Structure formats: structure tokens, C-alpha cells
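Student: Below are the C-alpha cells for one structure; questions will follow.
The values are calculated or read from the model by the stated rules, or taken from the named source; none is laboratory data. Keep in mind the model is a prediction, meaning the values are calculated, not measured. Ideal geometry is used to build each Cβ from the backbone, glycine not excepted, and the neighbour counts take in all protein chains shown. Heads up: the accessible areas ignore ligands, DNA and RNA and are worked out on the full protein's heavy atoms, side chains in. Shrake-Rupley method; radii C 1.70, N 1.55, O 1.52, S 1.80 Å.
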Amino acid sequence: MKTYYNPEDLKKFGTIGELQKSMADKFFAYYSEVFAEGALTAREKSLIALAVAHALQCPYCIDAYTTDTLEKGCDEEQMMEAVHVAAAIRGGASLVHSTQMMSKIKEISM
Amino acid sequence: MKSLKAQLHSLSDPKVEIDVLEQRHPGGSENDFQSYLERIGLFPLRPTSLEIFQVNVGKMCNQTCKHCHVDAGPDRKEIMDRDTMALCLEVIRREQTLNCVDITGGAPEMNPDFRWFVTEIRTIRPEIKLIVRCNLTIILANPKFYDLPQFFKENGVEVVSSLPYFTAIRTDSQRGDGVFGKSLEALKMLNAVGYGVEGSGLILNLVYNPSGAFLPASQTGLENEFKKKLWERFRVMFNSLFTITNIPISRFLDYLINSGNYENYMEKLLASFNPAAAAGVMCRNTISVGWDGFLYDCDFNQMLELKVAAPSTTHLRVWDTDGLSSRPIVINNHCFGCTAGAGSSCGGATL
Ligand code: SF4
Ligand code: SF4
């Protein structure tokens, strides 16, 4: 069956440089610097990435960062809590906009 | 759950396992372990010095963990007899470069001559590091084992025990229902006699290995996490945590194949190949002895029935120090498990 998403494509991520090398090189250099141990631990960054992956609903990133968080020593509970953080922010971001709706209601109502 | 052997499973045959490791290896033979060693000038792999004598006293075990590389279980009857232990004792007496005897299994305590063997080793070499790989639940399996913590203490044994995680769900999924609870109880019994307690001199180390097709986290980070969680939640103490990579043989190989993770896992091991870890693999300072007295480069080769490649000896009956120290170590693609990332050995990460 043909699908838009193929797990094998994740492994090909590194080949994006074939069409634009210097930008890809810069991106990957940046990427690895971002995820290195820093003011945040590599483990904390991996959990953030997992949460963001869910917010963006990127199957490649979910695949990659599920494995990565496990390999950074996170457990199921911590991972699910991270996803809830993403969900809460997404839900909150929708809901907080309802204040606009409420103002507008006021504005145009008698 | 039965052992692969009792199930008459094809993967209980080492030839079939080796066939999988060779035929289904990602990248084929140009990417096999030998070619990786050749590229860094480590082939043939040779021993450095003989320091660790690891004795597998049998495959019998009270547990049947899903990932077990020994394919151990209650249905396994292969255990070391006293005559073979006596041959081990001769080597331990003679080889003065040995600084560690590491007793493993199965559950070594189930061997009826286990206590005799431990006390003899202690008498012969009062100073040597003497490790027993204790699966914890054995201590509670039968009243005759309740005094094991005291026995270990009297013989200056260093206890190394598996605890895949500080939660029941992860531990039980790998090691069997109820194992986590019993393991904690056993850990508390060990703590009670002083094991893992600062200043006691009694060492209790834990082993973490991933409960699935992924690599272990960094040893120090995970050790801190384990210490914190085990203390806060259960008031349990231990000394060090060893992170060990699952080697793709036996029941873990069966799991990898059945779950469709085999190729991905091997690719991951290959991609994480670390030359420094390759230089520090444990087979370079270890001899592993099987229950029947045959000699191997490590416990994994033992389970694959790959005997030492020393021309003069493959059995304890003809121990030949020089022949063994100049042997080429027998390798295959399962060895990628020892060289990934920070390296992996029976003592945890090597780097
Ligand atoms: S991993 Fe250890 S405790 Fe589990 S079955 Fe194998 S020998 Fe027994
Ligand atoms: S599996 Fe055994 S022989 Fe292979 S590298 Fe590891 S310790 Fe050495």
C-alpha cells in the first residue's frame, strides 16, 4: 500500500543534503548542538522534543524521540506526562483564545 | 513460560542463532564484526591479561526472564558438578593474575554445591574479589535460601543483581509477574545485613538492561535516578548501577525477531560502534567456564557454544595459560552489543 509516511524515510533524513548541501550541513550542525548536554540535560531536551513532536504530530519525530527518551533513561510515566504538557499547551492555546471570542461577543451584543 | 530448549524452539540451537546473526546481518558480510575490527586494526582480537574468571555453575533458574541470554529456567537441568568446581579451584589457586571470580548462572544458588564452592574460593584466595550474580527472588524462593545475605556477608561476596527498573511495570514485563515486589523484599534483606550500606564494605551492585529493543541510558545519569527513586519510594540502598546492553542471542534474539525489531536493533548497534569500546571488551581479560568445564571467551560465546580457539585446550582438564593468553578471541555479529556507545560488559559500561 502506498502511504505518504514510510518509517524507512526517517533513516534517509541525512540525505537531504544531496539537494542543498550547505544549508543541510548547517542545519545538522545546529541540530546536534541544540541536543547536546548544556544548561538543560540531554535527557530534558529529549523529553521536550518528544512533547513538541506530539504537538506537531510528526510521526518521524515521535518515532525517533520515543526511542531516544527511552535511551536517555526516561520511563513511560515521564514520557506520557511530557505528552500531556504538549496537550495542555495545545488545549490551553485554543481555550485562551476564547477570551477574544468573549470580548467580541460583548462588543457586538446589546 | 518455558525455556526455548523445552519448547524445542529452533533458536535453542546455537547454529541457527549464528545463522541468523550472519545471514540476516544488515549490510551483509562487508559490515560484519570482523570487518569493523579490521578497520580499526583490532583483528584478530587478542586477550590482554587474565583477570576475571567467570564460572557459570548452571542454567537452572527460578525465573524465566524474557531477555535471558542463557535461556535459563526451572526446566534447565544442566549444572556444574563438584569435580568440575574442583578443577576451577585449581585454576583460581594457580593463576595469580586473577583478581576476580565471578559466579553466574542461571541462579547459581540453586546448584547444590554452590556454598561449598564459594567457601573454598574464599579459603584459597582470601583477598580476591568474589562476585555472585544473584537474581534476588531466589532469596525468597525457599526458606533454605533466606540466610543467603548472611552467607554472602560471611564470605565477603560482592552481590550483583538485576533490577531492570525502579517500577513494577517495567521489571515485571521483562522478568515475570511479581518479580519487582520480591526483588525489593530481597534488596531490603541484603540492606539489613549491611549490603549497599555506606561504610559497611559490603558491595551490592545493580544491573540495568533495557526492557526492549533500545540501548541503555548513560550509566551515571541512570545510577543517580535509581538511587534517588529506590531510596525515596522504597528505602532501598545500593552501591553502583551497571548498564548492560542486551546481546542479540537466545531469548532476546527470539524477542527481536518476533517483534520485528531485529534489523533495526542491529543497525542501531552498528551505528553506535565505538572503537574505544571495542578495545575494552571484557573477553580480553576474562575466561568463562561452562557448567561442563568447557572454556569460552565470554558468557555469550558460551551460550553460542563457541569454545575458545586455543589449539592446546578447550576444557578445564587441560588448562594451558600460555595457549589461552595467545588465542584469538572468537567473534561474531552478536559482539556489536559489547561495542555500542559507552560499551557493555558484565561490569556495565566500559567507558
Ligand atoms: S536473566 Fe537471570 S534471573 Fe532471568 S532467567 Fe536468566 S538467569 Fe534467570
Ligand atoms: S560478545 Fe563476547 S567475544 Fe564478543 S565482544 Fe563481547 S565479550 Fe567479546
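Student: Would you please report the Å³ per residue occupied by the convex hull of the alpha carbon atoms in region B:70-204?
Tutor: Convex hull volume per residue, Cα atoms: 120 Å³.
Student: Once you keep just the Cα pairs under 8 angstrom separated by 6 or more residues, what percentage relative contact order results for region B:156-247?
Tutor: After rounding, I find 33 percent.
Student: Next question, about the same structure. Please report, in whole Å³, the volume per residue of the convex hull around the C-alpha atoms of chain B.
Tutor: It is 125 Å³ per residue.
Student: Okay, moving on. For the pairing of chain A with chain B, what total accessible surface becomes buried, with a 1.4 angstrom probe, in square angstrom to the nearest 100?
Tutor: Using a 1.4 Å probe, the pair buries roughly 1000 Å².
Student: Tell me, what is the percent relative contact order of chain B, built from C-alpha pairs under 8 Å that lie six or more residues apart?
Tutor: Dividing the mean separation by the residue count of chain B yields 22 percent.
Student: Here's a follow-up. What shape does region A:1-59 take by its C-alpha gyration tensor, where a ≥ b ≥ c are the square roots of the eigenvalues and a/c under 1.5 counts as rounded, a/b above b/c as prolate, and the rest as oblate?
Tutor: Since a/c reaches 1.5 but b/c is at least a/b, the shape of region A:1-59 is classed as oblate.
Student: Turning to a different aspect of this structure: After finding the eigenvalues of the alpha carbon gyration tensor for region B:295-351, what semi-axes result from the square roots of 5 times each, listed largest first in whole Å?
Tutor: In descending order the semi-axes read 24, 12, 10 Å.
Student: Moving to a separate point now. Count, for each residue of B:217-226, the Cβ atoms from other chains sitting within 10 Å of its Cβ, then give me the mean as a whole number.
Tutor: That average works out to 3.
Student: Right, another one. At q = 0.20 Å⁻¹, what log₁₀ I(q)/I(0) does region B:195-351 have when each alpha carbon counts as one equal point scatterer in the Debye sum?
Tutor: Here log10 of I(q) over I(0) equals -1.21.
Student: Given the whole protein assembly as supplied and a 1.4 Å probe, what does the accessible area of residue B:238 come to in Å², nearest 10?
Tutor: 10 Å²
Student: Treating only the Cβ of Lys, Arg, Asp and Glu as charged (+1, +1, -1, -1), what charge dipole size does region B:4-338 show about its Cα centre? Round to the nearest 20 debye.
Tutor: Once rounded to the nearest 20, the dipole reads 760 debye.
Student: Could you tell me how far the Cα centroid of region B:257-328 sits from the Cα centroid of region B:148-163, in Å?
Tutor: Going from one Cα centre to the other spans 26 Å.
Student: Applying a 10 Å radius around every beta-carbon, put B:133-146, B:41-54 in order of their mean neighbour count, most first.
Tutor: My ranking of the peptides, most packed first, is B:133-146, B:41-54.
Student: What spacing in nm lies between the two simple spin-label points modelled at residue B:274 and residue A:37, each 7 Å away from Cα in the Cβ direction?
Tutor: 1.1 nm
Student: With the cut-off at 1.5 for a/c, could you classify region B:258-320 from its C-alpha gyration tensor as rounded, prolate or oblate?
Tutor: Oblate shape, in that a/c is at least 1.5 and b/c is the bigger or equal ratio.
Student: Using only Cα atoms, find the angle between the long axis of helix A:42-56 and the longest principal axis of chain A, and express it within 0 to 90 degrees, rounded to the nearest 10.
Tutor: 60 degrees
Student: Given the options A:27, A:73, A:96, identify the residue whose Cα lies farthest towards the positive end of the charge dipole of chain A (+1 on Cβ of Lys, Arg; -1 on Cβ of Asp, Glu).
Tutor: A:96
Student: Here is a follow-up. Give, as ranges by residue number, the residues of region B:300-321 whose backbone N falls under 15 Å from the point 7 Å along Cα→Cβ of residue B:90.
Tutor: B:313-321
Student: Hey, what D do you get for the protein assembly as shown in µm²/s if you plug the Kirkwood alpha-carbon radius into Stokes-Einstein at 10 °C and 1.306 mPa s?
Tutor: Answer, rounded: 66 µm²/s.
Student: With each run of n ≥ 4 DSSP H residues scored as -39500 (n - 2.57), what mean residue ellipticity at 222 nm is computed for chain A after dividing by its residue count and rounding to the nearest 500 deg cm²/dmol?
Tutor: Counting only the DSSP helices, I get -23000 deg cm²/dmol.
Student: To continue, here is another question. Using only the Cα atoms of region A:7-109, construct the convex hull and provide its projected area averaged over every direction, in square nanometres to one decimal.
Tutor: That works out to 9.9 nm², a quarter of the Cα hull's surface.
Student: Any idea how far apart residue B:15 and residue A:13 come out in nm if each label point goes 7 Å out from Cα toward Cβ?
Tutor: Placing both labels 7 Å beyond Cα along the Cβ direction yields 4.3 nm.
Student: I would also like to ask the following. Over 21 Å between C-alpha atoms is what I'm after, so list which of B:188/B:227; B:182/B:227; A:21/A:72; A:12/A:45; B:15/B:307; B:227/B:268 land there.
Tutor: Among B:188/B:227; B:182/B:227; A:21/A:72; A:12/A:45; B:15/B:307; B:227/B:268, the Cα-Cα distance tops 21 Å for A:21/A:72; A:12/A:45; B:227/B:268.
Student: What does the helix-only formula give at 222 nm for chain B: each DSSP H stretch with n ≥ 4 adding -39500 (n - 2.57), the total divided by the residues, and the result rounded to the nearest 500 deg cm²/dmol?
Tutor: -10000 deg cm²/dmol
Student: Report the extension gain between residue B:38 and residue B:124 in nm, rounded to one decimal, defined as 0.36 nm multiplied by the number of residues separating them, less their alpha carbon distance.
Tutor: Taking residue B:38 through residue B:124 to full extension adds about 26.9 nm, to one decimal.
Student: Moving on to the next point. Determine, from the Cβ-Cβ distance of residue A:56 and residue B:224 and an R0 of 30 Å, the FRET efficiency 1/(1 + (r/R0)^6), rounded to the nearest 0.05.
Tutor: 0.45
Student: Distances longer than 20 Å among the Cα atoms of region B:1-79: what percent of all pairs is that?
Tutor: In whole percent, the share of Cα-Cα pairs in region B:1-79 beyond 20 Å is 56.
Student: Now, a different point. Evaluate E = 1/(1 + (r/R0)^6) for residue A:100 and residue A:21, where r is the Cβ-Cβ distance and R0 equals 41 Å; express this FRET efficiency to the nearest 0.05.
Tutor: 0.40
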